[in-house]
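Encoded as structure tokens, the structure appears first; notes follow it.
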Amino acid sequence: MTFISLNGKERSYLRGEANSLSPLTQIGKEGITPGVISQVEECLEDHELVKIKINDNNEISAREAASRLSEKTDSSIVQVIGSVLVLYRENPEIAGYNLPD
């Protein structure tokens, strides 16, 4: 898979779509483990747009977690607010989101 860079319109559209989502996974006190990475990979494959919560007892910031997960999963960071981050990776088999031009 190839990493896609999102422009402002695409990022804005996906932020709006992410508003109604609940976090599909959490990052606990162990941080970003291989298990977390595989779970995020699976969620991205199934849903394309994934909201992830960082637990309060974690020493990693949401921004750092988003950066690491984005790199490990070839996904794009849509937004990071507080302890919640949103990642996107297009899946041609699903085509769930029609990104604006």
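Read-outs throughout are calculated quantities, based only on the coordinates presented, and are distinct from any laboratory measurement. Just so we're clear, the structure is a prediction, and the values are computed from it rather than from any experiment. No Cβ is skipped: glycine too gets one built from the backbone with ideal geometry, and neighbour counts run over all protein chains shown.
Out of the DSSP beta bridges found with both residues in the stretch 8-88, what percent are antiparallel (nearest 5)?
Values: 10 of 13 bridges.
Here the share of antiparallel DSSP bridges comes out near 75 percent.
Report the calculated FRET efficiency for residue 56 and residue 95 (r = Cβ-Cβ distance, R0 = 35 Å), to the nearest 0.05. If you can, show how the numbers build up before the last one.
On the way: r = 36 Å, r/R0 = 1.03.
Efficiency computed from Cβ-Cβ geometry: 0.45.
Rounded to the nearest 500 deg cm²/dmol, what is the calculated helix-only ellipticity per residue at 222 nm for the chain, with -39500 (n - 2.57) per DSSP H run of length n ≥ 4?
Using -39500 (n - 2.57) per qualifying helix, the result is -11500 deg cm²/dmol.
How high is the relative contact order of the stretch 8-88, in percent, counting Cα pairs under 8 Å that sit 6 or more residues apart? Walk me through the numbers on the way to the answer.
Values: 118 pairs, mean separation 26.0, N = 81.
Result for the stretch 8-88 is 32 percent.
Between residue 67 and residue 37, what length in nm is gained on full extension when 0.36 nm per residue of separation is reduced by their alpha carbon distance? All intermediate terms of the calculation are to be shown ahead of the outcome.
Working: separation 30, 0.36 × 30 = 10.80 nm, distance 1.24 nm.
Length difference between fully extended and current span is 9.6 nm.
Please give every one of the lysines within straight-line cross-link reach of residue 53, meaning a C-alpha to C-alpha distance under 19 Å, and leave out same-chain neighbours fewer than 8 residues apart.
Partners within reach: 29, 72.
Quote the charge dipole size of the chain about the Cα centre in Debye, to the nearest 20; the model charges only the Cβ of Lys and Arg (+1) and of Asp and Glu (-1).
Numbers: 10 positive and 16 negative charges, 83 e Å.
It comes to approximately 400 debye.
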